[in-house]
Amino acid sequence: MEQRHLGRTGLRVSRIGLGTLTWGRDTDEHDAAEQLKAFWDAGGTLVDTADVYGGGEAEYLLGRLMERLVPRQDLVLSTKAGSVPDPDRRTDGSRGHLLAALDASLARLGTDHVDLWQLHAFDPYTPLEESLQALDIAVRSGRARYAGVSNFCGWQLAKAGTWQLGGDRTRLAGAQLEYSLLQRGIEREVLPAAMDLGIGLLPSSPLGRGVLTGKYRGGTPTDSRGASETMAPFVEPYLDEAAGRIVDAVATAADGLATTPLHVALAWVRDRPGVTAPIVGARTARQLTAALSVETLSLPDEICRALDDVSAPVHRYPDHDWSTL
């Protein structure tokens, strides 16, 4: 699998990443092992997790699998901290919480460092400089090799990235946000800020929460995430009429290229400007292997333009040059 630099850094990662959102909850150890082995065999290196995935079970499971299945040195481990299971306060970006969470992640993963450590979300109740200081401490102490953020909006990413470029601080290597043909909101401000600051984008849910595979065109399959109690609310927003038109266009493109809608949707986001590596989460190793086989596909320019047009979000003032409006 092709390797790409994450942002303006020396860190190289596979251009498809493996997500572990459901590990330890909907994905058991056997299925997780099959996924990790298939990913490694395909040349994948970037494995993404977080301290809250499965209540910590995703990290714990990944750590066990590295002990007996895939060598730690062959993987680029990315984890996140700052999201908390508190309905009154969804994030805690305090320095104390973040560093304690990192130490707990390292213990679950069974390693002395992660390759990329990210703030899971912006905390409006903690000064941003304090949260970012935790990233600096983590890198200086060797507990993290590179640092990044996740789920930051445009001004938050611009402020954080610019702050980190000043003084003796750790520059942001990556930013993880949802990005797909069904969710192009980051193109307004986040993506331009990331590209200007040299921050590599790691798209989550690149298949539109599974909808872009076309599996929901005839209804909700009983074995799909959309039919599960925990994941149905996650999928439902992308089952409306507007999304259906985009899914139909992806299916038409796939037919014309003799490939699958999954491959078309994944190749589109993988090769967008500023993107380093989409993070793919699968229910089974078979699904993951199907996604990884996109490696040889590059979409023709005319297909990309057609998909851009049918999924184009409304971006007007002040996102475009005012003189063209």
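The values are calculated or read from the model by the stated rules, or taken from the named source; none is laboratory data. Fair warning: this is a prediction, and the values are worked out from it, not measured in the lab. For neighbour counting, all protein chains shown are included, and Cβ atoms are generated from backbone atoms with ideal geometry for every residue, glycine included. For the accessible areas, the whole protein counts, side chains as well, though only heavy atoms, and no ligand, DNA or RNA atoms are used. Shrake-Rupley method; radii C 1.70, N 1.55, O 1.52, S 1.80 Å.
Residue separation times 0.36 nm, minus the C-alpha to C-alpha distance between Ala312 and Ala100: what's the value? Show your work: numbers first, answer last.
Details: separation 212, 0.36 × 212 = 76.32 nm, distance 4.18 nm.
Length difference between fully extended and current span is 72.1 nm.
Normalising by the residue count of the chain, find the relative contact order in percent from Cα pairs under 8 Å and 6+ residues apart.
18 percent
Give the carbon-plus-sulfur fraction of the accessible surface of segment 213-325 in %, rounded to a whole number; probe 1.4 Å, heavy atoms of protein chains only.
So the carbon and sulfur contribution to the accessible surface is 53 percent.
Using the Karplus equation 6.51 cos²θ - 1.76 cosθ + 1.60 (θ = phi - 60°), what ³J(HN,Hα) coupling, rounded to whole Hz, does each residue of segment 60-76 give in order, writing x for Gly and Pro?
So the Karplus estimates, Gly and Pro as x, are 4, 5, 4, x, 5, 5, 5, 5, 10, 10, 10, x, 3, 5, 8, 10, 9 Hz.
Around Thr9, what is the net charge, scoring Lys/Arg as +1 and Asp/Glu as -1 over all other residues with Cβ under 13 Å from its Cβ?
+4
Quick check: the distance between the Cα centres of segment 31-47 and segment 213-247, to the nearest angstrom?
26 Å
Could you give the accessible area per residue of the chain, probe 1.4 Å, as a whole number in Å²?
Result: 44 Å² of accessible area for each residue.
Can you give the Kirkwood hydrodynamic radius of segment 176-221 from its Cα pairs, in Å with one decimal?
Result for segment 176-221, one decimal place: 11.7 Å.
Which percent, to the nearest 5, of DSSP beta bridges fully inside segment 41-140 are antiparallel?
Bridges in segment 41-140 are about 10 percent antiparallel.
Give, in nm to one decimal, the length gained when the segment between Asp28 and Glu2 is fully stretched (0.36 nm per residue of separation minus the Cα-Cα distance).
On the way: separation 26, 0.36 × 26 = 9.36 nm, distance 2.88 nm.
So the extension gain works out to 6.5 nm.
Report the Rg/Rh value for the chain, based on alpha-carbon coordinates and the Kirkwood definition of Rh. Working shown, then result.
Working: Rg = 19.1 Å, Rh = 20.1 Å.
Ratio of gyration radius to Kirkwood radius: 0.95.
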